[in-house]
Amino acid sequence: MKIAGVILAGGESSRMGMNKSQIVLRNGRTMLEQMIAQLQPIVDEIIVAGGTEINCSLGGVKSLSDLHPHCGPISGIETALTSNYTDAYLIVACDQPLLTTSLLAKLISEVKKTALVYFKDESGNCLDPFPGLYPSIFSINYSTAIADQNFSIRRIAASLPTEWIEISNEEAAQLKSFNTPQDLADYSDLFLINK
């Protein structure tokens, strides 16, 4: 089965005060470029959802504008799942630069056409919905939720068949999202700029 990697980059970054996808890491890549680099070895194509202008050195990346802007990450999920590129989408947020190809590959290994696939930690705690593997057959569920103004990704997932992959606490730490200037300051060794 072909899998598309999707990077959600449609947020307004209001808490960060700058476009998170363009924040630069010490390796010289932007956060967006870092996510592209981690996805490329394990997916068939890469899509940036959210209408963010693609400004990166890695080619072959498609861009999709959110079908319902200002509805949060659920709109990016719906946009990807209704795009008809493939049957399954490995979806990450652009602000998760700690994710690695090897960790993301664990989601690919459990690809299902009829279930969402997420991570849980060693204690059995369900982790954030990103990264996650999303089959396109659920596109109607996300479209209906948006029409009903139900923007809770967790609530939608609870109503759908879901598989959980257990990962170590060290791996779970890779799921961290960077949302505020304080987050950048706390990981100052990771970022080239710290505004």
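The values are calculated or read from the model by the stated rules, or taken from the named source; none is laboratory data. Because the structure is predicted, anything quoted here is derived from the model rather than measured. Remember, those area values only see protein heavy atoms, side chains included, never the ligands or the DNA or RNA. Shrake-Rupley method; radii C 1.70, N 1.55, O 1.52, S 1.80 Å.
Counting only protein heavy atoms and using a 1.4 Å probe, the accessible area of Met1 comes to about 100 Å².
For the range 29-148, give the share of DSSP beta bridges that are antiparallel, in percent and rounded to the nearest 5; count only bridges with both residues there. List each step's numbers first, then the result.
Numbers: 6 of 10 bridges.
Roughly 60 percent of the beta bridges in the range 29-148 run antiparallel, per DSSP.
Normalising by residue count, the range 80-159 has a Cα convex hull of 113 Å³ per residue. For the chain, the fraction of 1.4 Å probe accessible surface lying on carbon and sulfur atoms is 46 percent. May I ask you to list the aspartates and glutamates whose Cα is less than 19 Å away from that of Lys20, ignoring any residue fewer than eight positions away on the same chain? The reachable aspartates and glutamates, counting only those whose Cα sits under 19 Å from Lys20, are Glu12, Glu33, Glu53, Asp66, Asp95, Asp128, Asp183, Asp186, Asp189. For the range 123-195, the solvent-accessible area works out to 53 Å² per residue, with a probe of 1.4 Å and every protein chain left in place.
Starting from the Kirkwood radius over alpha-carbon pairs of the chain, derive D by Stokes-Einstein at 10 °C in a medium of 1.306 mPa s and give it in µm² s⁻¹.
95 µm²/s
Distance between Cα centroids, the range 16-37 to the range 131-195: provide it in whole Å. When both Cα centres are located, 17 Å separates them.
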